[in-house]
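Step one of this worksheet: look at the structure below.
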Amino acid sequence: MSQDQPVDHYETLQISPNADADTIQRVFRLLAQRFHPDNTETGNADRFRALHDAYSVLSVPEKRAQYDVHHQAFRQERWRFVAGSSGDNDLEMEQQLRCTVLEILYARRRAEPGNPAFSNYDLSQLTGRPREHLEFTIWYLLQRKYVTRDDQSGLTITVDGVDYVEQNHSVLKRRLTAAP
């Protein structure tokens with residue numbers, strides 16, 4: 001994330017803002033173990049640092065209360081543009097987002113067949129969209145059976161999704177290059 005954009009600690013830990021202290025600690029431990037730099041399979045120093053930062057704020061009641069005030073304003077700002085958007089533009093943006101997600105998952109499947117999945121958090125980071133804005137897109141792709149979830153709830157492209165991307169490559173390319 002860029003320096004001028006606030007960090008959503010709840011999104012980083014992939015938990016609800018209503019999560020209790022035990023849930024925060026349990027999820028942090030699970031994710032910290034997965035992303036710890038010493039973990040040779042799934043270690044990620046940047047992600048681990050972000051998880052630690054989020055936990056250090058959300059695990060202390062006073063810091064969490066202070067953060068929650070800013071978090072509520074942040075969430076309202078993220079959703080603000082939805083109320084004032086136009087229908088036609090929304091449809092095009094949604095179609096473009098679907099194409100982008102499918103292209104990301106297609107590339108991941110080809111590059112890392114042993115680890116083809118991305119979490120909602122990863123897709124949010126890669127597309128530059130908040131997770132809340134990806135929910136409809138992911139729902140649609142799951143219903144069309146273009147993507148599926150693995151045992152860790154990561155998204156991966158299916159054979160139908162690969163076929164769709166390959167059959168519509170020229171259309172997808174035009175849409176993606178026409179993006180502002």
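Rule-based calculations on the coordinates, nothing more; no lab input. On a predicted model such as this, the values are computed, not experimentally measured, just so you know. Cβ: placed from backbone, ideal geometry, glycine included. Neighbour counts: every protein chain shown.
Residues in the stretch 24-30 carry Karplus couplings, in order, of 4, 5, 4, 5, 4, 4, 4 Hz; the curve used is 6.51 cos²θ - 1.76 cosθ + 1.60 with θ = phi - 60°, and Gly or Pro positions show x.
Return the FRET efficiency for the residue pair ASN168, GLU132: r is the Cβ-Cβ distance, R0 is 22 Å, and the value is rounded to the nearest 0.05. Efficiency computed from Cβ-Cβ geometry: 0.25. Spacing of the modelled spin labels on VAL159 and ALA107, each 7 Å from Cα toward Cβ, amounts to 2.6 nm. Measuring from a point 7 Å past the Cα of ASN39 along Cα-to-C-beta, which residues in the stretch 110-124 have an amide N at less than 13 Å? Under cut-off, by backbone N: 119. The length gained by stretching the chain between ASP53 and ARG149 to full extension, at 0.36 nm per residue less their Cα-Cα distance, is 31.8 nm.
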